[in-house]
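Q: Starting off with a structure, shown below.
The values are calculated or read from the model by the stated rules, or taken from the named source; none is laboratory data. The structure displayed is predicted, hence computed values, not measured ones. Positions of Cβ are generated from backbone atoms using ideal geometry, with glycine treated the same way; all protein chains shown enter the neighbour counts. Calculation scope for accessible area: heavy atoms of the full protein, side chains included, ligands and nucleic acids excluded. Shrake-Rupley method; radii C 1.70, N 1.55, O 1.52, S 1.80 Å.
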Amino acid sequence: MRCDVVAHRMTNRAAKRLRRNLIGGNWTMTGITRQLAEFAAGLTYDKVPADVAARTKLLILDTAGIMVRARHDAESTPSLVRAAERLGQLVDAEKKTGCSVLGDGRGYTPSGAALINGAMAHSLDFDDTHAEASLHSSAPIVPAVLAAAEMVDASGKDVITACVVGYEVQIRLAEALVPKDHYDRGYHPTATCGVMAAAVAAGKILGLDADGMESALGIALSQAAGSMQFLADGAWTKRSHVGQAAQNGVICATMAAEGFKGPKEAIEGKWGFLHAYSPNANEAKATEGLSSEWLTMELGVKPYPSCRYTHAAMDALRAMSAEHKISADDVASATIGVPETGWKIVGDNDAVKQNPKSIVDGQFSMPFCAAVVLRSGTMVWDDYKTHLTDAQTLDLTKRINTVVDPDAEAAFPVNMAGKATIRMKSGETYERFVEIPKGEPDNFMDEGEFRAKFDGLCAPYLSEAELEKFAGALMALEDANSLRSVLALSHGEA
């Protein structure tokens, strides 16, 4: 029933767009790139619906907490920071000038801050997602906006507006690419679509007009990259190319602001984004409902620090464990069902997925995530350190396999659904299907749950008073005249 309803809603989105064009006589030949550029240049805070602005603040809060924790705990952060320092990206050890890396306390160049913050925002795989677009939104967009905002000392309202610009552009581009086809070509849409979104989001902060936005998109076209090859060996590049998307977005916007010309028709052109990155792009989706339907509200937030495709099954396992008082010691085996697209990422090749060696391996292993939930009752960031070397968890991981489930496939791409089947040593079998994982728009986290996640991530490095002050400033972002004072709170300036 839900799939029919959502399919009808999606169809209505296109129908409403056509009806607006017919009634308004809007039969112009304005290209996709130009439409996106005009939207990005023309959006103001007053035009952003109140619920969209409120949701965006929660997304920024969520991303900030992840970045603070990743600055201290992500195993890829030290080498990235050292590389940035060696490249001259650290400009002020006492942060009297420069841009902020959250949780750091030193000043970096704008591009250096965007790179590090972007990589950190994605390093825990704990950041927000969009189900149909099959990507993460805030990780490349928020860091680009923060860096640009410190360049010009922008206000909180400017930051919120710019993030919305980025979300609306990125999600539409990913949908237009047809995510399955894009992934099958080996691309990671968080990065490829992320740099386009980061460019217009940063451009919004820098005050670009429509011509400037068009150039920023054109320049960003040559920077769109992100290979899925990291899945083969647990490499850290999934993190770095999201950081590079944020970094390059700031660079592209700044070049455009200084008059550097990018090619027109960057999205729809013969050698443009949609034609180069997908064999069967749906161009209509790139501008569908622009300015009237806010896809920002379709973003989901993660309660667990793992690939989003693992979450519905983890919800199912938690519910069954609580209902039936299941002890992991009594579990003989389990089967997890996910959509085919998710199976390719978190389930393909049991020999690999059942033997995770690193955090990245664990983040993309459905058997490991399921085993942690069965043993711990939930999954938090610190569980990687505990369970990747735990013999009992690893033994249970080897008894959990992943399959493509017909019910999960039917719910996709509207929802990243999942099914869990547990077989007990006593012979009993339990099964549960979860269509909408916790954190999706129709099963969203409330502000208290956001704060609990934020506090859990930041608490090891900020006092209770510092946490309260930083979170409070982010949740009242529209009142901030200067972003600098808000970001300074991320490293404990209470």
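Q: Accessible area per residue for the chain in Å², computed with a 1.4 Å probe and the full protein assembly in place, what is it?
A: On a per-residue basis, the chain sits at 37 Å².
Q: Once the other residues with Cβ under 9 Å from the Cβ of residue 130 are scored (Lys, Arg +1; Asp, Glu -1), what is the net sum?
A: Here the count lands on -4.
Q: Of the labelled options (i) 221; (ii) 135; (iii) 147, which one gives volume of the Cα convex hull per residue in Å³ as computed for this structure?
A: (ii)
Q: Within 10 Å, count the other beta carbons around each residue, average over each peptide in 346-359, 163-176, 416-429, and list them highest first.
A: Taking the mean over residues of other Cβ atoms within 10 Å, the ranking is 163-176, 416-429, 346-359.
Q: Residues in the range 445-471 near a label at residue 382, defined as backbone nitrogen under 20 Å from the 7 Å Cα→Cβ point?
A: Only 449-468 fall inside the zone, counting backbone N under 20 Å.
Q: What per residue convex hull volume, in Å³, do the alpha-carbon atoms of the range 160-226 yield?
A: In the range 160-226, the Cα hull volume divided by residue count equals 72 Å³.
Q: Between the range 358-403 and the range 145-187, what is the separation of their alpha carbon centroids in Å?
A: 32
Q: Figure the gain on full extension for residue 407 and residue 424 (residue separation times 0.36 nm, minus the Cα-Cα span) and round it to one decimal in nm.
A: Full-extension gain reported as 3.8 nm.
Q: Using a cut-off of 14 Å between beta-carbons, work out the net charge of the residues near residue 150 (Lys and Arg +1, Asp and Glu -1, residue 150 not included).
A: Net charge around residue 150: 0.
Q: In addition: Carbon and sulfur together cover what percent of the accessible area of the range 359-449 at a 1.4 Å probe radius?
A: 49
Q: Continuing with the same structure: Taking the alpha-carbon set of the range 349-494, what are its Rg and Dmax in Å?
A: Final numbers for Rg and Dmax: 19.7, 63 Å.
Q: Which whole DSSP H helices in the chain pass both tests: a Cα extent of 18 Å or more along the axis and a mean Kyte-Doolittle value no lower than 1.0?
A: Within the chain the helices that satisfy the rule are 138-152, 189-205.
Q: Quick check: residue separation of residue 442 and residue 227 times 0.36 nm, minus the Cα distance between them. What number comes out in nm?
A: Gain on extension, residue 442 to residue 227, equals 74.3 nm.
Q: Measure of size requested: the Rg and Dmax of the range 234-368, with Cα atoms as the atom set and Å as the unit; please supply both.
A: 20.9, 66
Q: Let me ask something additional. Once the convex hull of the alpha carbons of the range 383-461 is built, what does its volume come to per residue, in cubic angstrom?
A: Looking at the range 383-461, the number lands at 156 Å³ per residue.
Q: Pairwise over distinct Cα atoms, reciprocal of the mean inverse distance: report the Kirkwood radius of the range 255-332 in Å, one decimal place.
A: 17.8
Q: In whole percent, and with a 1.4 Å probe on the protein chains, what portion of the accessible area of the range 201-274 is carbon and sulfur?
A: 54
Q: Could you work out what % of the accessible surface of the range 46-117 is carbon and sulfur, using a 1.4 angstrom probe and leaving DNA, RNA and ligands out of the count?
A: Percent of accessible area from carbon and sulfur atoms in the range 46-117: 51.
Q: List the trypsin sites (Lys or Arg not before Pro) within the range 68-155 that fall in a DSSP loop (any state other than H, G, I, E or B) and whose Cβ has at most 12 other Cβ atoms within 10 Å.
A: Filter output for the range 68-155: 96.
Q: Another question about this same structure. Compute the length gained on full extension between residue 481 and residue 340: take 0.36 nm times their separation in residues and subtract their Cα-Cα distance, giving the result in nm to one decimal.
A: 46.1 nm
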